[in-house]
Amino acid sequence: MNSIKDYQTLELGDSKKQVDERLKLWKKQNFSRRMWAKDPTLWFSKPQPEITDRLGWLVLPEMMHDNLEELSSFAEQIKDEGISHVVLLGMGGSSLAPDVFQKTFGNAPGYPGLLVLDSTHPSAVLSVEDKLDLNRTLFIVSSKSGTTLETLSLFRYFWNKVGLNTDNSGKHFVAITDPGTPLMKLAQERSFRRIFEASSDVGGRYSAFTYFGMVPAALIGMDIHKLLDRAWTASENCAFCISEDKAAGIILGASLGEVSRDRNKLTFIASDSIKSFPDWLEQLIAESTGKDDKGIMPVAGEPLASVSEYGQDRFFVFLTLTGESDSELEDRMNALKQAGHPFVRIELSDKFDLGREIFSWEVAVASAGSVLGIHPFNQPDVQLAKDFTKKAMEKIGKEKEESDEETWSLDEPEGLAQALKDWLVQAKPGDYIALQAYFPPSEETTEALQDIRLVLLKQTRLATTFGYGPRFLHSTGQLHKGGPNNGLFLQIVDDPNIDLPVPETDYDFKNLIKAQAVGDYRALKQRGRRILRVNLKSNVSNGLEKLSESIRI
């Protein structure tokens, strides 16, 4: 393994002194040794739940080597059966790492491709179904708690569909969950072909090296042995016996914690081949640090702007891949350095160094939590939107939706333009803008939303983020509600024209995603957030174009 200086370079400007002092303090306090000993006093003076029983990820790179033969054998079995698609039904920590693996490595020749379904929009569900030959499809039902509403709804839909084609539906389903969950019981009752019990002492966003990440990775033919080897090497670099100022993850954690006191918009710029990796980092950082009115806002996939259009609240991370030359990225790095923006450059020798970086960033984010004085392993505000969603589902279809009067449509162009203006005028330096899209993910809509991000960035010089709902509820949603009140939220919804019932329930996907958007809206309002809601009705593509025009006025 190369030395840290060869692959991780820090340009911290005025914050370098504080970071050096932090590392000296941690060295004196035996920070690394105490982390490996699962000492909760690194974060709080008194015992807190979900700390000592959430540090199992530290030993995963070594421990998961014991499961390699099992995973390889299962993957070969699925390949030999001629399975063409693996569909992962999961949210957040259950889906993000597998999605990055598929997008980064692709599926090896002869192995099935992986489709991740983490949307409850009926059109998104049908879009995935249309790609499938159900007789040659394996579904992974993935949920740590075993109670995730979206995951179980998607399961019930496809269980019913598969049942129309075969007498042995269970053969087409695999469950990944913690021991003893309702999902495990369900899988046993319906004779799933496999149940993988995940580590109960690992939280969802730290679970990339558990079965949640490794089963899908093995099924698409990834060399997970090599990935885990890189992670194991990274764990040895951060071992209890390594000085804190020599450990990449610890150094990165000290930098995240100290620099974010003044610059908490952690902005990722990545080489093309690894550009999906920040999507995984986004949840790890936002859900771990965004609470108690504190937090580091990860900015992933933002369109590039000129250096002069970035505010003074940015901390940049450049993720580069050896051999993938990108003169624009290099020029951007140099310009930001000259402008005085702090940044970290991390170079991957090849794609399998993602294993190294996953572990290093897990250490870094956990360590940064100690600097910020927050609990890095819980997510206390995620439940709020779920509670409002449940209430909304009870009312939708029975009475007029309470928030209709606060929802703008394209039928009111002048009113919408004024509402957007009034919403944006509330912005202050150090704020960020979050686009929340509750409609089907597609390349076309993503491109349109990226254009809107760039317009907003140029107009306001604020950091911009974007996520599809309900996916982001299991990621940045925690920071939106539990972090500092410095976000402006633009919730964009549509009117699905498809009624797609969820079997074994009394609701459909149309009402489910509508309730989730309403629930999130009300949760943000309760927390005093600045939010504007726009309904694009039935034509999302045309609606986004008109919305962009209204923002430019």
**Asked** Quick check: is even one residue across segment 170-181 in the same structural domain as Ser94 (by TED's automatic domain parsing), surrounded by 23 or more Cβ atoms within 10 Å (Cβ to Cβ), in a helix (DSSP H, G or I) and touching a residue at least 12 places away in the same chain (Cβ under 8 Å)?
**Response** yes
**Restricting segment 182-213 to residues that are among the small types (Gly, Ala, Ser) and assigned to a loop (DSSP other than H, G, I, E, B), the residue that is nearest to Arg230 (Cα to Cα)** = Ala208
**Prompt:** Looking at Gly106, Gly92, which is the one that is under 21 Å from the mean Cα position of the chain (by Cα), on the phi > 0 side of the Ramachandran plot, surrounded by fewer than 21 Cβ atoms within 10 Å (Cβ to Cβ) and not polar (S, T, N, Q)?
**Reply:** Gly106
**Filter pass, Ile492 being touching a His at 6+ places or on another chain (Cβ under 6 Å) and surrounded by 23 or more Cβ atoms within 10 Å (Cβ to Cβ)** = no
**Request:** May I ask you to verify whether Ile452 is buried (at least 22 other Cβ atoms within 10 Å of the Cβ), in contact with a strand residue (DSSP E or B) (Cβ under 8 Å, 6 or more places away or on another chain) and under 21 Å from Ala523 (Cβ atoms)?
**Result:** no
**Asked** What are the residues in segment 158-169 that are surrounded by fewer than 24 Cβ atoms within 10 Å (Cβ to Cβ) and in contact with a helix residue (DSSP H, G or I) (Cβ under 8 Å, 6 or more places away or on another chain), if any?
**Response** Trp159, Lys161, Val162, Gly163, Asn165, Thr166, Ser169
**Request:** Using the structure shown, decide if Gly528 is of a type in the set (Gly, Ala, Ser) and buried (at least 22 other Cβ atoms within 10 Å of the Cβ).
**Result:** no
**Request:** Having 1 or more residues that are more than 30 Å from Gly93 (Cα to Cα) and touching a helix residue (DSSP H, G or I) at 6+ places or on another chain (Cβ under 8 Å) is the bar; report the helices (runs of 4 or more DSSP H) wholly within segment 390-495 that clear it.
**Result:** 413-424, 443-460
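Just to be sure I understand, how many residues within segment 270-324 are part of a helix (DSSP H, G or I) and closer than 16 Å to Lys351 by Cα?
Here the count works out to 8.
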**Item:** Of all residues in segment 224-266 being of a type in the set (S, T, N, Q) and under 30 Å from Asn107 (Cβ atoms), the one that is surrounded by the fewest Cβ atoms within 10 Å (Cβ to Cβ)
**Value:** Thr233
**Message:** Checking the condition hydroxyl-bearing (Ser, Thr, Tyr) and closer than 24 Å to Asn378 by Cα, which residue from Thr104, Thr52 passes?
**Reply:** Thr52
**Request:** Taking Glu362 as the residue in question, decide whether it is at pLDDT 90 or above, closer than 30 Å to Leu281 by Cα, assigned to a helix (DSSP H, G or I) and among the acidic types (Asp, Glu).
**Result:** yes
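The values are calculated or read from the model by the stated rules, or taken from the named source; none is laboratory data. Keep in mind it's a predicted model, so treat the numbers as computed, not measured. Note that each Cβ is placed from the backbone with ideal geometry, even for glycine, and that neighbours are counted across all protein chains shown.
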